[in-house]
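Engineer: Okay, here's the structure, questions in a sec.
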Amino acid sequence: MKLVCSQNDLSTNLSIVGRVVPSRPTHPVLANVKLEANQETQRVSLTAFDLSLGIQTSFPAQVEEAGILTLPAKLLNDIVSRLPDGTITLEDEGAGETNSEGIIATLTSTSGSYKVRGMGAEEFPELPVIENGETAYLPAAALIEGLRGSLFATSPDETKQVLTGVHLTFQQEAIEFAATDGHRLSVVQTSNQSEVDEDTAVSSAEANKREITIPARALRELERMLGMRQSAEADSSGKDSAIALHLDQGQVVFELADQRITSRTLEGQFPAYRQLIPQKFERQITIERRQLLNSLERIAVLADQKNNIVKFTIDSSNQKISLSVEAQDVGSGRESLPAQIAGNSLEIAFNVTYLRDGLKALQSSEIQIHMNTGNSPVILTPLGGLKMTYLVMPVQLRV
């Protein structure tokens, strides 16, 4: 193998795939990134895989000799990221040889050269390929919108399995994203309309009835890729692109133009979350989101010192909400802000982190807060824009 590429291209793509490389691999080769140079297409592809989540990305290069090998991902990234701007030449000295030293790759830049010991690619597992599954084409902007409004509500507890992912429901004209950790629930509906040809539309329709739960880790990588791609497209054509989603039993693959993410889906029954959302409310509050979030951020300084709980005093008579924290042996704080309140006054308490996360995700300038009692689920929705429902359970107030 011998190729010449830009330092920026190689470093950027190594950073993308490097996030998948396991810190404690079950097999030594999984700590490596697979490099494949194609002389016909004049492109280089990089692949990382931990047997559950895999990422493949490619970029143009001057490929003088085709080849394939694997190199230690972290070491390679650490070296390349520190090399100066300009071109890098990468060539191997032992491809195809079966000696004790393995493969040695040489990286040469304007600052000097480095030798890195690698392994053959024959032991590196292939990324799963879905050949006979269902395919949907989803607007990138809709995916980003749905992921930003749901990923934060997934559970970090791996023992909860299905709650560590986002549940996607494909409907005729919308995609519904749902995530819950048992204390809060976020549901986002985004448009499923993209500019596709007739064949693509048929493929999309086949997946419209599907429901799958995808690990949050895989979706965070997808969100990161889409964000980078969206910025690049905004700088060029300004058009939204469609992302191919391939589904099969226990497996999902997202395909972008130069990138591919493959992941196992989560097994188990996702909670019947729609049944958790109340249909009627005794109280409704309309309030400026940023003002409430700023007050919450300030008072959270004290809440974080004690039990993370902030009390809301809803004053219907004076049309205002007061936030208060009593942190014993530390101090106390109180802030008040105006609101449009329909219904009787009420005292209710929340985990400040859960409430803060929801307010950050809602994005609209004004929001509505719907509630019944101090112990029943509370719903936050944006006024205009994103179709999002955020449910948070209040905390029991001690008398």
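The values are calculated or read from the model by the stated rules, or taken from the named source; none is laboratory data. Bear in mind that the values here come from a model prediction, so they are computed numbers and not experimental data. Here the Cβ positions follow ideal geometry from the backbone for every residue, glycine too, while neighbour counts run over all protein chains shown. The protein model used for the area step is the full one, side chains on, heavy atoms only, and it has no ligands, DNA or RNA in it. Shrake-Rupley method; radii C 1.70, N 1.55, O 1.52, S 1.80 Å.
Engineer: Filtering region 231-267 down to residues that are under 16 Å from Ile16 (Cα atoms) and in contact with a Leu (Cβ under 9 Å, 6 or more places away or on another chain), which residue is modelled with the lowest pLDDT?
Structural biologist: Checked region 231-267; the qualifying residue modelled with the lowest pLDDT is Leu256.
Engineer: Then there is this: Return yes when Arg289 is touching a helix residue (DSSP H, G or I) at 6+ places or on another chain (Cβ under 7 Å) and of a type outside the set (Asp, Glu) and no when it is not.
Structural biologist: Yes; evaluated as a whole, the condition is true for this residue.
Engineer: What is the number of the single condition among (1) in contact with a helix residue (DSSP H, G or I) (Cβ under 6 Å, 6 or more places away or on another chain); (2) of a type in the set (Ser, Thr, Tyr); (3) modelled with pLDDT under 95 that Ser52 does not meet?
Structural biologist: (1)
Engineer: Which residue is modelled with the highest pLDDT, if the candidates are limited to region 154-172 and must be open to solvent by 20 Å² or more (accessible area, probe 1.4 Å) and under 14 Å from Leu138 (Cα atoms)?
Structural biologist: Residue satisfying both the conditions and the ranking: Gln171.
Engineer: Can I ask one more? Consider only pairs whose beta carbons are under 6 Å apart and that are at least six residues apart or on different chains; among these, list those whose first residue lies in region 100-125 and is closer than 18 Å to Val29 by Cα and whose second residue is aromatic (Phe, Trp, Tyr) and modelled with pLDDT of 95 or more.
Structural biologist: From residues that are closer than 18 Å to Val29 by Cα, the pairs are Pro125/Phe49.
Engineer: Moving on. Working carefully through the options Gln291, Gln251, Gln269, Gln259, find the one that is farther than 22 Å from Leu168 by Cα and touching a residue at least 40 places away in the same chain (Cβ under 8 Å).
Structural biologist: Gln291
Engineer: Something else about it: Taking region 173-191, which residues are farther than 15 Å from Tyr390 by Cα, surrounded by fewer than 17 Cβ atoms within 10 Å (Cβ to Cβ) and in contact with a helix residue (DSSP H, G or I) (Cβ under 8 Å, 6 or more places away or on another chain)?
Structural biologist: Selection gives Ser191 alone.
Engineer: Which of the residues belonging to region 296-307 are more than 17 Å from Glu347 (Cβ to Cβ) and open to solvent by less than 50 Å² (accessible area, probe 1.4 Å)?
Structural biologist: Ala300, Leu302
Engineer: Could I ask something else about it? Filter region 101-124 down to the residues that are assigned to a loop (DSSP other than H, G, I, E, B) and at positive phi and list them by number.
Structural biologist: Selection gives Gly102 alone.
Engineer: Step by step: first the residues of region 56-86, then only those that are more than 26 Å from the chain's Cα centre (by Cα) and small (Gly, Ala, Ser), then the one that is nearest to Gln7 (Cα to Cα). Which residue is that?
Structural biologist: Gly86
Engineer: While we're on this one: Please find, within region 261-283, the residue that is nearest to Tyr390 (Cα to Cα) out of those that are assigned to a strand (DSSP E or B) and open to solvent by less than 70 Å² (accessible area, probe 1.4 Å).
Structural biologist: Arg283
Engineer: Follow-up question, since we're still on this one. What tally of residues in region 308-319 results from selecting those that are part of a loop (DSSP other than H, G, I, E, B), in contact (Cβ under 8 Å) with a residue 12 or more places away in the chain and open to solvent by 40 Å² or more (accessible area, probe 1.4 Å)?
Structural biologist: So the count comes out to 3.
Engineer: Still on this structure, I have one more. On the basis of being modelled with pLDDT under 95, out of contact with any helix residue (DSSP H, G or I) (no Cβ under 8 Å at 6 or more places or on another chain), open to solvent by 40 Å² or more (accessible area, probe 1.4 Å) and among the basic types (Lys, Arg), does Lys387 make the cut?
Structural biologist: Spelling it out, Lys387 is indeed modelled with pLDDT under 95, out of contact with any helix residue (DSSP H, G or I) (no Cβ under 8 Å at 6 or more places or on another chain), open to solvent by 40 Å² or more (accessible area, probe 1.4 Å) and among the basic types (Lys, Arg).
Engineer: Do we find that Leu293 is modelled with pLDDT of 95 or more and either within 23 Å of Val17 (Cβ to Cβ) or open to solvent by less than 60 Å² (accessible area, probe 1.4 Å) (or both) in this structure?
Structural biologist: Criteria met by Leu293.
Engineer: Scan region 205-218 for residues that are farther than 19 Å from Asp258 by Cβ and either open to solvent by less than 20 Å² (accessible area, probe 1.4 Å) or at pLDDT 80 or above (or both) and jot them down.
Structural biologist: Ala207, Asn208, Arg210, Glu211, Ile212, Thr213, Ile214, Pro215, Ala216, Arg217 - these are the residues of region 205-218 that are farther than 19 Å from Asp258 by Cβ and either open to solvent by less than 20 Å² (accessible area, probe 1.4 Å) or at pLDDT 80 or above (or both).
Engineer: Give region 125-153 a look and list any residue that's open to solvent by less than 60 Å² (accessible area, probe 1.4 Å), of a type outside the set (A, V, I, L, M) and in a loop (DSSP other than H, G, I, E, B), or say none.
Structural biologist: Listed by number, the residues that qualify are Pro125, Pro128, Gly133, Gly149, Ser150.
Engineer: Identify, from the list Ser322, Ser336, the residue that is out of contact with any helix residue (DSSP H, G or I) (no Cβ under 9 Å at 6 or more places or on another chain) and either modelled with pLDDT of 95 or more or open to solvent by less than 30 Å² (accessible area, probe 1.4 Å) (or both).
Structural biologist: Ser322 is the lone residue from the list that is out of contact with any helix residue (DSSP H, G or I) (no Cβ under 9 Å at 6 or more places or on another chain) and either modelled with pLDDT of 95 or more or open to solvent by less than 30 Å² (accessible area, probe 1.4 Å) (or both).
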